[in-house]
2 protein chains.
Amino acid sequence: MRAMAEDVVTMEKIVSLCKRRGIIFPSSEIYGGIGSSYDYGHYGVLLKNNVKAQWWRALLQERDDVVALDSAIIQHPRTWEASGHIAGFTDPLVDCRHCKRRYRADKLEDGQCGEKPSKCPGQGPNCDLTEARNFNLMFQTTVGPVQDEGSTVYLRPETAQGIFLNFRHYLQFSRKKPPFGIAQVGKSFRNEITPGNFVFRMREFEQMEMEFFVPPAEAERWHEYWKQARYDWYVRLGIRSDHLRLRAHEADELSHYSSATSDVEYLYPIGWQELEGVANRGDFDLTQHAKYSNQNLEYVDTASGERYLPYVIEPAAGADRATLAFLCDAYDEDQIDGETRTVLRLHPLLAPVKAAVLPLVKKDGQPELAREIVAQLRERMQVEYDEGGAIGRRYRRQDEIGTPWSITVDHQSLEDATVTVRDRDSLQQQRVAIASLADELEARLRAPWSSPKLS
Amino acid sequence: MRAMAEDVVTMEKIVSLCKRRGIIFPSSEIYGGIGSSYDYGHYGVLLKNNVKAQWWRALLQERDDVVALDSAIIQHPRTWEASGHIAGFTDPLVDCRHCKRRYRADKLEDGQCGEKPSKCPGQGPNCDLTEARNFNLMFQTTVGPVQDEGSTVYLRPETAQGIFLNFRHYLQFSRKKPPFGIAQVGKSFRNEITPGNFVFRMREFEQMEMEFFVPPAEAERWHEYWKQARYDWYVRLGIRSDHLRLRAHEADELSHYSSATSDVEYLYPIGWQELEGVANRGDFDLTQHAKYSNQNLEYVDTASGERYLPYVIEPAAGADRATLAFLCDAYDEDQIDGETRTVLRLHPLLAPVKAAVLPLVKKDGQPELAREIVAQLRERMQVEYDEGGAIGRRYRRQDEIGTPWSITVDHQSLEDATVTVRDRDSLQQQRVAIASLADELEARLRAPWSSPKLS
């Protein structure tokens, strides 16, 4: 299952770049870290915010049939009875009576014993495993000052259920009727036994989910539509199509709520893995919540009198997985002037910084003019000013974080009010009038783009 | 303390509008709700996203000296020992032995007994209160499959500590030195005993915090600077200055970490209340984390050789409180054609929808042309298409959600390719060529703005 193309970057290189440039790094490191938890640094926040903004843009701004929601992380606990999470969102665990640790019964080979040099679990001479028991993956806490049973709540393991809870509301006030979608971005939490692979699987992660409610007869057609639309979104934002595939789940892979699911898979450094799932959830969720809440969640068409429980098509993406995929796919190394250059060939819309403004020398009025240009550009986009070190070194710094354009202020700039615009990928420099620079860069930002790694 | 200006809207009107138009509504309502928790609907998400985007813009995009962070909600538990939250982030609680409920000892008059008609606590004939005990406001959960003491973690009660934990990282890779700031937006959680007043105080809320690290001798000057800068931000985004004030904390109000704090206060429907705190935290936090982590968190100036623990100025805003303040301040009612109109006079940059495109009649090619205009505009901004009902009624719908411009396609539009642009506040209509409509609206969006309620 770990087919690896020659042109796939290693996870080590990504992790190293992310740490070196403060894109993503281990959380709480000052206290020795907290397993599989990561913080996003300056460029990481900018990158991930851009990923989320492009998702909102495609789902919301460019369409008429999707509306937004931001529901609470801590919902009424009955939500998770209805959804099946309290009963079924579990991993099978075994205890080792010897080393006192717990392991996933279905992943014993991944376990590591705390009691060296024994090879517990299962393999060490002292191993003494219990029967497997089901361990619920939801984080549990108590709300309010009384810690009785009634106050037990859960951190949501998915954003989706908040959408189903509000479906009836949306029928009332959003003036939408099926087919229409409700989209949400936000944190979810799963007490995974074996998180790992950098930000690919974390206990705390951010989802970008949409539930698209359709007349039952149209479910298959919309499922096909959203599989393709979501695949295309990644390609449009620069993921190479040979690193992307749609894979339909086998019958025995399907979740309990799903009648059909296809994953958009990306060729990560760890092999082909789920980037986004696009499921046909049928009417499972609305049926469950109707039952547990005693409310009628049917849609009634006032014109035809038709009433039905809509089916739901769910494209569920991970913001962290998407960010990681964009980082991996953009990562490149080439040779310039006999030196290896690391460059992130990110789509300009995703690049944390759109333009860097660099005075060639730190004198002759160049820094002052560069500052004026910065002031002009930052009205429209995220820019950076850098006057430290040789110009080649400053270009490299920007290449590493994927800045598409470096603006250099030189001697000529003071004379004719032009600057050079260096393209991160083609390395070509073009002189542009300072007066039209912001418009020029905005036009480039809006232009269609495809990965230069394919050309 | 509840000074109320005549022109302050009531909370009932805000709550009612928010529910009616799906801006903000109670969470998990299908299951009877979960106390003091709210979900943001379509227009609420768009509004709050705009508030956060403007905060990032002012703190990050328009400056050179602030960088971004997004740290995990679940941090290493030692964080909260160092910060003082485990020992001191508590409210005093009493139990009533009769009705079995808990109350804040310092807010007994707010308590409501579950045992009607008794007026417990304190007032009912059956009341039997225990001594006050301290109750920690942090939500607690366990990470990993073993529920022993070592795996107890907390949901962060503030985003600030994630910044202090990463301070040393940022010195290394951000190429910044004091004075510089680290900014973060994200959810925090406090198990408040008495949340309330709509989204003003919730157990789950979103913060926009920045820690600005300065040489100790410059702390007072920067404190003054940030108080003013944050006050100005609200005014620039349309809050009336007579609804806003800076109030310095008295000595007995100060938090344990603060040597001086001023609140930006807003005249909410519930009276003057904290909108944002701007604190001088001194070197309290870095001192604590240096001690608990055994790491040296001093900044060393490589040029001068000077070394010191920076002081910290913290502007800490609530995204929900800010959103509520913008909603309250924008709310207005006026008379049009003998009818009362509800209108949100939001700053155009904050308005959920920038423009609505409305065919005057549902025939003669007007809907088709309106659709073309929608397609053109949505490349640049959030727009809405509406063909349902009388034009006046459609205007009112947009007024209620604060859409600054309504674009009407009429008979003449088909002839000369112009449309009317109706201004939400002045109600004036202006004919604009369709070809230049997007540019015209973008120019209006970027223009300075002040509340028409003051004119």
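Things to note:
- Diffusion coefficient, µm² s⁻¹, Stokes-Einstein with Kirkwood Rh over alpha-carbon pairs of the stretch A:391-448 at 20 °C and 1.002 mPa s: 179
- Scanning chain A for the Cβ atom closest to the axis that brings A onto B yields residue and whole-Å distance A:T141, 2.
- Convex hull volume of the C-alpha atoms in the stretch A:352-397, normalised per residue: 54 Å³.
- FRET efficiency, B:L246 to B:D106 (Cβ-Cβ, R0 22 Å, nearest 0.05): 0.25
- Percent of beta bridges antiparallel (DSSP, the stretch B:353-454, rounded to nearest 5): 55
- The largest accessible area among B:K177, A:K354, A:K107 belongs to the first residue in B:K177, A:K107, A:K354, and the rest follow in falling order (1.4 Å probe, all chains).
- With Cα atoms, 0 to 90° folded angle of helix B:437-446 axis to chain B main axis: 30
- Residues whose placed amide H lies under 5 Å from that of A:T261, excluding near-sequence neighbours: A:H249, A:N280
- 5 angstrom amide H check on A:F135, placed H, neighbours 5+ away: A:D91, A:L93
- Per residue Cα convex hull volume in Å³ - calculated over the stretch A:353-454: 89
- Over chain B: helical MRE at 222 nm, DSSP H runs n ≥ 4 each giving -39500 (n - 2.57), nearest 500: -8000 deg cm²/dmol
- Stokes-Einstein diffusion coefficient of the stretch B:205-275, Kirkwood radius over Cα pairs, 10 °C, 1.306 mPa s, in µm²/s: 117
- Panel note: the C-alpha atoms of the stretch B:249-316, placed on their principal axes, show extents of 52, 27, 19 Å (largest first).
- Averaged over peptide A:127-139, the number of partner chain Cβ atoms lying within 10 Å of each residue's Cβ comes to 1.
- Exposure rank, largest accessible area first [A:L171, B:L93; 1.4 Å]: A:L171, B:L93
- Our coupling estimate for the stretch B:20-25, obtained by passing each phi through the Karplus curve with A = 6.51, B = -1.76, C = 1.60 and θ = phi - 60°, is 4, 9, x, 8, 9, 8 Hz, Gly and Pro reported as x.
- Of A:Q382, A:G305, A:L437, farthest towards positive along the dipole that unit charges on Lys, Arg, Asp, Glu beta carbons give chain A: A:Q382
- Label 7 Å beyond Cα on the Cβ vector: A:E372 copy-to-copy distances, nm: 4.2
- Taking the square roots of five times each eigenvalue of the Cα gyration tensor of chain B, the equivalent ellipsoid has semi-axes of 44, 31, 20 Å, listed largest first.
- Between amide H atoms placed 1.01 Å from N, distances below 5 Å from A:Y331 occur with A:R345, all of them 5 or more places distant or on a separate chain.
- Exam field: A:A303 pseudo-label spacings to other copies (7 Å along Cα-Cβ), nanometres: 7.1
- For the stretch A:25-85 versus the stretch A:332-379, the inter-centroid distance based on Cα atoms is 30 Å.
- Part-to-part distance (alpha-carbon centres) for the stretch B:151-199 and the stretch A:192-213, which is given in Å: 22
- Against the empirical 2.2 N^0.38 Å (N residues), the stretch B:272-417 has a Cα radius of gyration ratio of 1.79.
- With Cα atoms, 0 to 90° folded angle of helix A:42-56 axis to chain A main axis: 60
- If you wrap the protein assembly as shown in the convex hull of its Cα atoms and look at it from every side, the mean projected area works out to 42.8 nm².
- Phi-derived couplings, Karplus 6.51 cos²θ - 1.76 cosθ + 1.60 at θ = phi - 60°, listed residue by residue for the stretch B:85-96: 5, 5, 7, x, 8, 10, 10, x, 10, 10, 9, 9 Hz, with x used for Gly and Pro.
- Inter-copy label distances at B:E333, using a point 7 Å along Cα-to-Cβ, come to 6.9 nm with the shortest given first.
- Per-residue Karplus couplings for the stretch B:179-192, computed as 6.51 cos²θ - 1.76 cosθ + 1.60 with θ equal to phi - 60°, are listed in order as x, 8, x, 10, 10, 8, 10, x, 6, 10, 9, 9, 7, 4 Hz, Gly and Pro entered as x.
The values are calculated or read from the model by the stated rules, or taken from the named source; none is laboratory data. The model shown is predicted, which means the values in this text are computed figures rather than measured ones. Glycine also receives a Cβ, built like all others from the backbone with ideal geometry; neighbour counts cover every protein chain displayed. Just so you know, the surface numbers come from the protein's heavy atoms only, side chains and all, with ligands and any DNA or RNA stripped out. Shrake-Rupley method; radii C 1.70, N 1.55, O 1.52, S 1.80 Å.
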